1. Test Ile138 against the stated conditions and say whether it is out of contact with any helix residue (DSSP H, G or I) (no Cβ under 8 Å at 6 or more places or on another chain), buried (at least 17 other Cβ atoms within 10 Å of the Cβ) and closer than 14 Å to Gln470 by Cα.
2. Given the conditions (1) more than 26 Å from Glu157 (Cβ to Cβ); (2) modelled with pLDDT of 50 or more; (3) loosely packed, with under 12 Cβ neighbours inside 10 Å, report the number of the one that Lys258 does not fulfil.
3. Any residue in the stretch 311-323 that's aliphatic (A, V, I, L, M): show its pairings with residues that are modelled with pLDDT under 90 at Cβ separation under 6 Å, as long as the two are six or more apart or on different chains.
4. What do you reckon, is Ala400 on the phi < 0 side of the Ramachandran plot, open to solvent by 20 Å² or more (accessible area, probe 1.4 Å) and of a type in the set (A, V, I, L, M)?
5. Name the residues in the stretch 162-193 that are open to solvent by 60 Å² or more (accessible area, probe 1.4 Å) and either more than 27 Å from Ser117 (Cβ to Cβ) or among the basic types (Lys, Arg) (or both), would you?
6. Give the number of residues within the stretch 340-365 that are among the charged types (D, E, K, R) and in contact with a helix residue (DSSP H, G or I) (Cβ under 8 Å, 6 or more places away or on another chain).
7. Give Leu452, Leu443 a once-over and let me know the one that is open to solvent by less than 50 Å² (accessible area, probe 1.4 Å) and modelled with pLDDT under 95.
8. Of the conditions (1) under 18 Å from Ala330 (Cα atoms); (2) modelled with pLDDT under 90; (3) buried (at least 22 other Cβ atoms within 10 Å of the Cβ); (4) of a type in the set (A, V, I, L, M, F, W, C), Ala408 clears all except one; give me its number.
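The values are calculated or read from the model by the stated rules, or taken from the named source; none is laboratory data. Predicted model only: the values in this text are computed from it and were never measured. Every residue, glycine as well, gets a Cβ built from its backbone with ideal geometry; the counts of neighbours run over all protein chains shown. SASA here: full protein model, heavy atoms, side chains in, ligands and nucleic acids out. Shrake-Rupley method; radii C 1.70, N 1.55, O 1.52, S 1.80 Å.
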Amino acid sequence: MDRDSSPSVSVSDESSEAGPAGERGGCCSSPSTRSLVDTAGNLSRTVSDVSTSFSEQCSSVDHSGPFEPAAAMAKLIDRFPASAAASLSRLSMKPRADVLDRRSTDDEMELVKERFSKLLLGEDMTGGGKGVCTAVAISNAITNLYATVFGSCHKLEPLPAGKKAMWRREMDCLLSVCDYIVEFYPTTQTLPDGTKVEVMATRPRSDIYINLPALEKLDAMLIVRSDPNCYSIDFACSQSEVVQACAMVQDILDSFQKAEFWYADAGTRSFGSVTSSSSTMSSSFRKSVHRNEDKWWLPVPCVPDTGLTEKACKDLQKKRDCANQIHKAAVAINSGVLSDMEVPESFMAVLPKSGRASVGDSVYRVMLGADKFSPDFLLDTLDISSEHDALAMADRVEAAMYVWRRKASGSHGKLPWSKVKELAADDDDKNVTLASRAENLLLCLKHRFPGLSQTTLDTSKIQFNKDVGQAILESYSRVLESLAFNIVSWIDDVLFADKSIRKLSDNLKS
């Protein structure tokens, strides 16, 4: 390659670094190169200069046999330690560990950039402005993050460190929006001359100030083993369930590092018990351990042949009670946030003309005719054999409730329902009575089926909601509600396995 026609490579080192390096010399310190740097002060360097001087200093290296880059580099560094270090410095090369650290930091930064770019674009990657609003984008981001971190978790075991860090890091980014959601309130300010003036100050919005600290504490209780003193701090919360939950066990998932039970993949036989003395017993146990045959693909918990110890059973029951209280607290917060959201016009436009047509004649007669309405008695008379039937019934009752509310508030304008009930209390309005009973029936139905999916109205509220604060509180409480419900279910599976193996053991003895 001709020296004059070779392309030039620009070196990005500062002039202060090039000077001393040129005086010390290095693997690129040929006479022609030094003259360029010393006389002209030009920091440009040709490829032929580098290759020529590099080949002169490497001429003594044995190149016979197969080429081994690692061995060749080791020989070069051993032969020219000072020049190798100078070359790495001059070519802006850094040690491998520093490159890996920088890559890790860069990856995290790129992940944050990607998340916020999707939020700003409203999940419309074309940038054409056809994306969803910010509230829906944040709600979807929290839901998708939960699916990524906990979607493959089906066991009572500590969350992997990587997923735990991912959950905490990205949730901190998404929840940071709440730091800037404020409300204005009037206050007085004293000027230096003693004059008092009325100004508008800001404070966190009341719903976020009350509910967000509660959700963060419930989050910590479910996932990480926390400092016992962290729950001694009082926080304002209208839900009594949160206070009760915080007074109980302070860790759940992280506490299962050492357990007396283990898991086997679905469809396999487990002989993992250290005390197992009979393969027939283990095989029979595996056939009877499934508590929910509909979810046969999930891993199955296994316990020793003698069952769990009394201490382990009490500990599991205590953690189940704690997770159940957390579930109730999350449900209470989620229900409160959803009730505060505006009912979309699209939902009201498709409501039936009468509530009777929505719930059916039989349910309507029971709701209207009884002097003392009992929602539990009514549910017992209905044929609700699955969650699908329960969800369909919930949709019908909720639709009828809003039909009756709309009729009752027809003469009161757009007043809140609580005000309408107060104004119509003395009128003995049939629509007010039916709407209140429908609301009680809906609450009883959700209590009887705690794992019930969202109703049509709830889905519509989330889809058309434009309040960012409500979107964060709703989605955060919803994913914590789901996680707490799953933990309760997993603990029930282990307790069911223990009960089954004890029953099987007693049958074999008899």
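1. No: the conditions fail for Ile138.
2. (1)
3. If the second residue must be modelled with pLDDT under 90, the pairs left are Ala312/Glu260; Ala323/Ile252.
4. no
5. The answer is Arg168, Arg169, Phe184, Tyr185, Pro186, Thr188, Gln189, Thr190, Leu191, Pro192, Asp193.
6. The total comes to 4.
7. Of the residues listed, the single one that is open to solvent by less than 50 Å² (accessible area, probe 1.4 Å) and modelled with pLDDT under 95 is Leu452.
8. Tallying (1) under 18 Å from Ala330 (Cα atoms); (2) modelled with pLDDT under 90; (3) buried (at least 22 other Cβ atoms within 10 Å of the Cβ); (4) of a type in the set (A, V, I, L, M, F, W, C), Ala408 fails exactly one: (1).
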